[in-house]
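The values are calculated or read from the model by the stated rules, or taken from the named source; none is laboratory data. These figures come from a predicted structure and were not determined experimentally. Cβ: placed from backbone, ideal geometry, glycine included. Neighbour counts: every protein chain shown. Please note that ligands, DNA and RNA were not included when accessible areas were found on the heavy atoms of the full protein model with its side chains. Shrake-Rupley method; radii C 1.70, N 1.55, O 1.52, S 1.80 Å.
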Amino acid sequence: VQLVESGGGLVQPGGSLRLSCAASGLAFSSYTMSWYRQAPGKERELVGAITSSGGSTNYADSVKGRFTISRDNAKNTVYLLMNSLKPEDTAVYYCNAKGYGVYWGQGTRVTVSS
């Protein structure tokens, strides 16, 4: 099983980024997919999740209304669209798959700074 995140980088406050997580080696459409993040010196925290069908999402209060999770089961890919980014969104973002097993990606770094 592989989860490969991409799309991170440096962005100014108020900007946007879209992260992608491409999955292989698992029955993607059977897995709940989540995004987590870990800021320097802090514990990893849940950003949000999307059900296997894509019919339901939930988000941490800190990102609600700014971040959107979506998935394309035909492409085995989950996305995290991040708008109105703040410096406190700076972190390494990880993709997580939960179903018959639990799997993690290697992470992609997002830095929000002017």
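At-a-glance table
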quantity	calculated
Neighbour-limited loop hits for trypsin sites (Lys or Arg not before Pro), the range 46-114 (at most 15 other Cβ within 10 Å; DSSP other than H, G, I, E, B)	LYS64, ARG66, LYS75
Positive minus negative residues near GLY48 (Lys, Arg vs Asp, Glu; Cβ under 11 Å)	+1
Of the GluC sites (Glu not before Pro) in the range 12-114, those whose Cβ has at most 12 other Cβ within 10 Å and which sit in DSSP loop	GLU43
Per residue, in Å², the accessible surface of the chain once ligands and nucleic acids are set aside, probe 1.4 Å	51 Å²
For ASP72, solvent-accessible area (1.4 Å; no DNA, RNA or ligand), Å²	50 Å²
Highest-MSF residue in the chain out of VAL102, VAL63, VAL11 [GNM, Cα springs under 10 Å]	VAL102
Contact order normalised by residue count of the range 52-97, Cα under 8 Å, 6+ apart, percent	27 percent
Percent accessible area from carbon and sulfur atoms, the chain, protein chains only, probe 1.4 Å	46 percent
The chain: most fluctuating residue of ALA60, ALA49, ALA97 per GNM, C-alpha cutoff 10 Å	ALA60
For the chain, size of Cβ-based charge dipole, Lys and Arg +1, Asp and Glu -1, in debye	80 debye
Separation between Cα centres of the range 87-114 and the range 1-38, rounded to whole Å	7 Å
